[in-house]
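Here is the structure we will look at, set down as structure tokens.
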Amino acid sequence: MGIKDRTQLLPALRSVKEPRELERMERAIDATIVAQQVAARSIRPGVEENWVAGLLDLEFKRGGAVRPAFAPIVGSGKNSTILHYPEHSATIGPGSLVVVDIGSDYGRYAADITRTYPAEGRFTPEQRRVYEVVLRAQQACIDMIRPGVYFEDLQRKAEEVIRAAGYRDYFIHGLGHFVGLDVHDSGLYRKPLQAGMVITVEPGVYIPEKSLGVRIEDEVLVTSGGHRLITEALPRDPEAIEAFMRK
């Protein structure tokens, strides 16, 4: 009897979500969106990163989630350029950006959303320029998502947009990942996308010498006719972020 390769069996089962799985994932997303809003309201110069991070677990529970799906990332200033910044030990400085990468767990299913906030409620011209490049790259990739598209197609598109703006050397990670039972879930990364898959789209630009990091991350459901942005309730547009923070 020959040996059969079954290494793709579990990733295949976990890649495509059933309706009941999507329901739990959307509950996790709802709780995470509320926590992002609370984080945005608490961010201002002089506030400790660990204070912002400490608010999140309570908000997850208020939203019906049991726990964080992963350790929160709240990085300001130069820390915004560290991909998985774990410390939360700095004080948010004036004129800085704050990257908030968080996700709750609901029914053992994870969420994962990142936003970048200006500490003083308004982007500087350079911060806004970089933010809009990242947003443009993200939207270009989201627009491409449909059955038959490959992860590598999306990665190439993000690199193309960021390179055209002159920031390719500062985009230092992959574009996204599957989400499900784990925040970085098992999945068919080398196969074409199928309806029912949920992936993140999270381009970023990180410029350590300027203490300037921007990442925008959303979750997208692949549908039979294209896609649905399932985290769209949390604004990405810089004007909307500024308006929300001014409140």
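Computed from the coordinates by the stated procedures, all read-outs in this text should not be read as laboratory data. Model, not experiment: these values are computed from the prediction. Positions of Cβ are generated from backbone atoms using ideal geometry, with glycine treated the same way; all protein chains shown enter the neighbour counts.
With Cα atoms defining each centre, segment 205-247 and segment 71-146 are spaced 8 Å apart in the structure. Give me the base-10 log of I(q)/I(0) for segment 1-61 at each q in 0.12 Å⁻¹, Debye formula, one uniform scatterer per Cα, rounded to two decimals. With one equal scatterer per Cα and no solvent, log10 I(q)/I(0) is -0.53.
Qualifying GluC sites (Glu not before Pro) in segment 1-106, where qualification requires a DSSP coil assignment and no more than 15 other C-beta atoms within 10 Å, comprise E87.
Here, segment 3-141 has an Rg and a Dmax of 17.3, 61 Å when only alpha carbons are counted. Once Rg and the Kirkwood radius are both taken over the C-alpha atoms of segment 113-245, their ratio Rg/Rh works out to 0.97.
Taken over segment 10-246, the convex hull of the Cα atoms encloses 106 Å³ per residue. DSSP beta bridges confined to segment 10-246 are antiparallel in about 100 percent of cases. Take every pair of alpha-carbon atoms less than 8 Å apart whose residues are at least six positions apart; their mean separation over the length of segment 10-246 yields a relative contact order of 23 percent. Annotation: the residues T200, T124, sorted from fewest to most other C-beta atoms within 10 Å of their own C-beta, follow the order T124, T200.
Mean residue ellipticity at 222 nm, helices only, the chain: -11500 deg cm²/dmol; runs of at least 4 DSSP H residues each add -39,500 (n - 2.57), and the sum is divided by the number of residues. Counting other Cβ atoms within 10 Å as a rough exposure proxy, the listed residues I113, I29, I216 run I216, I113, I29 from fewest neighbours to most.
Counting neighbouring beta carbons within 10 Å and listing from fewest to most, the residues E159, E217 come out as E159, E217. Indicate the gyration tensor shape class of segment 190-247 (rounded, prolate or oblate), computed on the Cα atoms with a ≥ b ≥ c the square roots of the eigenvalues: a/c under 1.5 is rounded; otherwise a/b larger than b/c is prolate and the rest oblate. It comes out oblate by the Cα gyration axes.
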